[in-house]
Amino acid sequence: MTAQGSSQAGNNLDPWYHHYAERAAGLRASEVRALFAVASRPEVVSLAGGMPFVAALPPDLVVNAMERVMREQGPVALQYGSGQGVPALREQILEVMALEGIRAHADDVVVTTGSQHALELVSKLFLDPGDVVISEGPSYVTAMVIFKSYQAEVDHVPMDEHGLIPEALREHIQQLRVAGKTIKFLYTIPNFHNPAGVTLSWERRIEILEICRANNILVLEDNPYGLLYFDKPAPDAMRSLEQDGVVYLGTFSKTLAPGFRVGWALAPHAIREKLVLANEAAVLSPSSFSQLVISEYLATADWKGQINTFRGVYHERKDALLNALDEYLPELTWTNPNGGFYVWVTLPQLLNSKAMLPRAVKELVAYTPGTAFFADGDGQQNIRLSFCYPTPAEIRVGVRRLATVVRDELDLLETFAGTGSLDPLRTPGRFNPLPNDIS
Ligand SMILES: Cc1ncc(COP(=O)(O)O)c(C=O)c1O
């Protein structure tokens with residue numbers, strides 16, 4: 001009998017309801033997603049999504065690369081390719097990773113359909129039902145959707161302003177072992193974390209790798225934002241310290257454009273072989289056209305200069321967001337990211353970020369409730385604000401609207417419950433920074 005029951009009939013909405021595999025049970029549209037359909041109306045300022053600001057990429061850079069590819073390598077670009085990816089691009093990916101201290105061989109790079117697909121492939125290779133993936137709490141929502149679709153459990157380890165807390169990781173591993181659980185990997189986003197905005201310190205990178213090595217736990221290092229730093233570069237990648245125990249994921253989605261759907265995995269030899277087979281089984285080969293255009297772009301355009309342009313755009317928007325929070329919502333607390341797209345905000349105690357969202361959308365501002373980023377329903381006191389897509393002026397308007405919503409909620413609480421503390425109390429063990437944690 002499946003989780004959905006044994007009946008042969010479907011239901012009114014879906015005649016195949018009882019036919020789905022158990023692993024499909026986790027693939028449900030959330031209520032939040034329905035609201036986001038409303039939030040995409042132009043009058044709503046969305047601080048919710050994670051869309052890169054691709055308008056900062058001059059179209060000619062792409063058009064020129066596409067034209068040259070089609071003129072010089074058209075039949076190859078339009079053909080199936082290798083399941084591992086275009087060799088020239090894999091060599092160029094080594095140059096990109098070298099910027100974060102990684103030395104590797106192109107044989108160990110597997111090009112995927114975005115890093116999202118690399119997450120899917122690694123999960124497919126490693127996860128059986130009941131296995132545990134350890135991740136930061138909070139963590140990237142669509143990675144958790146994949147882990148759950150392989151019927152794995154996600155165990156959240158707390159973080160603070162320096163990233164994942166090594167001592168807590170040790171404790172969690174021990175507790176999971178005592179409970180007889182099989183831990184398959186640590187999924188971590190060390191740089192400009194999505195959604196927390198924090199960066200794992202160098203000392204902790206070393207310590208966490210030591211802990212994982214000692215416990216025979218693979219590290220899945222997901223690094224889409226590392227090159228999008230503001231004031232100073234993030235510490236070198238964890239993969240720069242350890243080859244055999246780390247699968248590193250990169251992508252061109254944030255430093256170029258997500259529409260190409262090109263990312264990659266850098267994996268130890270044995271895992272890499274299996275990844276190629278899994279990639280072939282899933283897509284035959286990643287898009288030859290996209291790969292060749294990116295390869296041409298990297299060979300002929302000033303791609304590092306373009307990354308600098310993106311950095312400038314996002315830095316200005318991050319400043320706009322933090323200034324607006326200072327001005328309109330000084331009673332809240334938030335992280336101050338040195339790169340990436342996201343700020344993690346802690347609401348006053350008793351406010352519920354999910355319950356507040358419909359009212360926010362009515363006020364024409366959208367955010368992502370913290371609950372989306374925990375597998376266990378935590379995060380009610382948090383919201384993720386993205387500064388990547390709206391302009392600085394829109395961000396200001398959005399935060400002003402959000403302030404109205406927060407004040408109205410607090411008024412309601414005071415009226416009906418005689419309470420409404422503005423004290424952003426820290427929930428024990430979770431990442432709710434106190435005001436003096438904030439730089
Ligand atoms: C942490 C993280 N990992 C992976 C991805 C997937 O990126 P892509 O598939 O576009 O490379 C994203 C996208 O937002 C992300 O934030």
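Does Val313 satisfy the condition of being surrounded by 15 or more Cβ atoms within 10 Å (Cβ to Cβ), more than 16 Å from the ligand (Cβ to nearest atom), under 30 Å from Val45 (Cα atoms) and of a type in the set (Val, Ile, Thr)? In short, yes. Annotation: of all residues in the range 197-217 being touching a residue at least 40 places away in the same chain (Cβ under 8 Å) and in contact with a Pro (Cβ under 9 Å, 6 or more places away or on another chain), the one that is most open to solvent (accessible area, probe 1.4 Å) is Glu207.
None of Glu153, Glu95, Glu91, Glu100 is in contact with a Pro (Cβ under 9 Å, 6 or more places away or on another chain), more than 14 Å from the ligand (Cβ to nearest atom) and of a type in the set (D, E, K, R) except Glu100.
How many of the residues making up the range 212-246 are more than 16 Å from the ligand (Cβ to nearest atom), small (Gly, Ala, Ser) and not in a helix (DSSP H, G or I)?
Step one: list which residues in the range 212-246 are more than 16 Å from the ligand (Cβ to nearest atom), which gives 212-218, 230-233, 235-236, 240-245.
Subsequent filtering for residues that are small (Gly, Ala, Ser) retains 214, 240, 245.
Checking which are not in a helix (DSSP H, G or I) leaves us with 245.
Total satisfying the criteria: 1.
Taken together, Glu120, Glu100, Glu67, Glu95 contain a single residue that is under 23 Å from Asp376 (Cα atoms) and out of contact with any Cys (no Cβ under 6 Å at 6 or more places or on another chain), which is Glu120. Within the range 376-407, which residues are aromatic (Phe, Trp, Tyr) and open to solvent by 10 Å² or more (accessible area, probe 1.4 Å)? Once the filter is applied, which keeps residues that are aromatic (Phe, Trp, Tyr) and open to solvent by 10 Å² or more (accessible area, probe 1.4 Å), the range 376-407 yields only Tyr389.
If you filter the range 108-149 down to residues that are within 23 Å of Asn215 (Cα to Cα) and among the hydroxyl-bearing types (Ser, Thr, Tyr), you find that the one that is nearest to the ligand (Cβ to nearest atom) is Ser139.
The set of residues from the range 340-375 being in a loop (DSSP other than H, G, I, E, B), open to solvent by 10 Å² or more (accessible area, probe 1.4 Å) and under 21 Å from Val198 (Cα atoms) comprises Phe374, Ala375.
Which ones in the range 94-114 are buried (at least 24 other Cβ atoms within 10 Å of the Cβ) and within 30 Å of Gly370 (Cβ to Cβ)? So that I can check it myself, show each step before the final result.
Applying the first criterion (buried (at least 24 other Cβ atoms within 10 Å of the Cβ)) to the range 94-114 yields 109-112.
Residue satisfying the conditions is Thr112 alone.
Among the numbered conditions (1) in contact with a strand residue (DSSP E or B) (Cβ under 8 Å, 6 or more places away or on another chain); (2) closer than 22 Å to Leu292 by Cα, the only one that Val133 does not meet is (2).
Taking the range 278-308 as the region of interest, how many residues are loosely packed, with under 15 Cβ neighbours inside 10 Å and more than 18 Å from Gly114 (Cβ to Cβ)? Of the residues in that region, 6 qualify. When Ala34, Ala55 are checked against the criterion of being surrounded by fewer than 16 Cβ atoms within 10 Å (Cβ to Cβ), of a type outside the set (Val, Ile, Thr), at pLDDT below 85 and in a helix (DSSP H, G or I), a single residue qualifies: Ala34. Inspect the range 90-106 for any residue being touching a strand residue (DSSP E or B) at 6+ places or on another chain (Cβ under 7 Å) and of a type in the set (Asp, Glu) and give the result as yes or no. No - not one qualifying residue is present in the range 90-106.
Kindly indicate which of Arg272, Arg311, Arg261 is farther than 30 Å from Arg401 by Cα, within 22 Å of the chain's Cα centre (by Cα) and at pLDDT 95 or above.
Working: Arg272 fails: within 22 Å of the chain's Cα centre (by Cα); Arg311 fails: farther than 30 Å from Arg401 by Cα.
Arg261 is the lone residue from the list that is farther than 30 Å from Arg401 by Cα, within 22 Å of the chain's Cα centre (by Cα) and at pLDDT 95 or above.
Which of the residues belonging to the range 42-52 are open to solvent by less than 60 Å² (accessible area, probe 1.4 Å) and out of contact with any helix residue (DSSP H, G or I) (no Cβ under 9 Å at 6 or more places or on another chain)? Step through it out loud before you land on a result.
Here is the first cut: in the range 42-52, the residues open to solvent by less than 60 Å² (accessible area, probe 1.4 Å) are 44-50, 52.
Residue satisfying the conditions is Gly50 alone.
For the range 247-271, the set of residues classified as closer than 18 Å to Gln92 by Cα, more than 8 Å from the ligand (Cβ to nearest atom) and surrounded by fewer than 24 Cβ atoms within 10 Å (Cβ to Cβ) consists of Thr255, Ala257, Phe260, listed by residue number. Residue pairs whose Cβ atoms lie under 8 Å apart, sitting 6 or more positions apart in sequence or on different chains, and linking a residue in the range 224-253 that is more than 14 Å from Gly340 (Cα to Cα) and among the basic types (Lys, Arg) to a partner that is open to solvent by less than 20 Å² (accessible area, probe 1.4 Å) and within 16 Å of the ligand (Cβ to nearest atom), are Arg239/Met97; Arg239/Glu221; Arg239/Val246; Arg239/Tyr248; Arg239/Leu266.
Cβ-Cβ contacts under 6 Å between residues 6 or more apart (or on different chains), taken from a first residue in the range 183-196 that is part of a loop (DSSP other than H, G, I, E, B) to a second residue that is among the small types (Gly, Ala, Ser) and open to solvent by 10 Å² or more (accessible area, probe 1.4 Å), are listed as Asn191/Ala234.
The values are calculated or read from the model by the stated rules, or taken from the named source; none is laboratory data. Note that this is a predicted model, so its numbers are computed, not measured. Here Cβ is always computed from backbone atoms with ideal geometry, including for glycine, and neighbour counts include all displayed protein chains. Just the protein is used for accessible areas: all its heavy atoms, side chains included, with ligands, DNA and RNA removed. Shrake-Rupley method; radii C 1.70, N 1.55, O 1.52, S 1.80 Å.
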